[in-house]
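Chemist: This is the structure, below, for whatever I ask next.
The values are calculated or read from the model by the stated rules, or taken from the named source; none is laboratory data. Note that the coordinates shown come from a computational prediction; the quantities given were computed from them, not determined experimentally. Here the Cβ positions follow ideal geometry from the backbone for every residue, glycine too, while neighbour counts run over all protein chains shown.
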Amino acid sequence: MINHHYTLHSFDCLNKPTASRLHNMGLCEGCPIKVVQRYPFHGPVIIENNHQRIGIRYRDFAALTEAEV
């Protein structure tokens, strides 16, 4: 899954503060991201968008990309 590209889907599945923070960092629905690193046991996922790396919870990543949890 590392270096795999995803497209972000609806932010409705996130709580308001998390969705707001991600939006303030430049992420939006439909924008492409790349997985840079995944930690084991459903730990954080490091994603990259526009040369900016962001760490998010696995469950938020899975909800945003509609990946298997």
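Chemist: Please enumerate the residues belonging to the range 1-30 that are of a type outside the set (A, V, I, L, M), part of a loop (DSSP other than H, G, I, E, B) and touching a Ser or Thr at 6+ places or on another chain (Cβ under 9 Å). Steps first, answer last, please.
Modeler: We begin by selecting, within the range 1-30, every residue of a type outside the set (A, V, I, L, M); these are 3-7, 9-13, 15-18, 20-21, 23-24, 26, 28-30.
Cutting the leftovers down to part of a loop (DSSP other than H, G, I, E, B) gives us 3-4, 9-10, 15, 26, 28-30.
Answer for the range 1-30, where residues must be of a type outside the set (A, V, I, L, M), part of a loop (DSSP other than H, G, I, E, B) and touching a Ser or Thr at 6+ places or on another chain (Cβ under 9 Å): H9, E29, G30.
Chemist: Under 7 Å between Cβ atoms, at least 6 apart or on separate chains: pull out the pairs that start in the range 1-30 with a residue that is at pLDDT below 95 and end on any residue that is of a type in the set (K, R).
Modeler: Matching pairs, first to second residue: M1/R38; I2/R38; N3/K34; H5/K34.
Chemist: Is there any pair linking a residue in the range 52-68 that is at positive phi to one that is at pLDDT below 95, with Cβ under 6 Å and at least six apart or on different chains, and which?
Modeler: If the second residue must be at pLDDT below 95, the pairs left are E66/H9.
Chemist: Against the definition (within 12 Å of F61 (Cα to Cα), without any contact (Cβ under 8 Å) to a residue 24 or more places away in the chain and not in a loop (DSSP other than H, G, I, E, B)), how does I46 come out, yes or no? Let's see the steps before the verdict.
Modeler: Numbers: within 12 Å of F61 (Cα to Cα): yes; without any contact (Cβ under 8 Å) to a residue 24 or more places away in the chain: yes; not in a loop (DSSP other than H, G, I, E, B): yes.
Answer is yes for this residue.
Chemist: Is the range 27-35 home to any residue that is under 11 Å from the mean Cα position of the chain (by Cα), among the hydrophobic types (A, V, I, L, M, F, W, C) and surrounded by fewer than 15 Cβ atoms within 10 Å (Cβ to Cβ)?
Modeler: Checking the range 27-35: at least one residue is under 11 Å from the mean Cα position of the chain (by Cα), among the hydrophobic types (A, V, I, L, M, F, W, C) and surrounded by fewer than 15 Cβ atoms within 10 Å (Cβ to Cβ).
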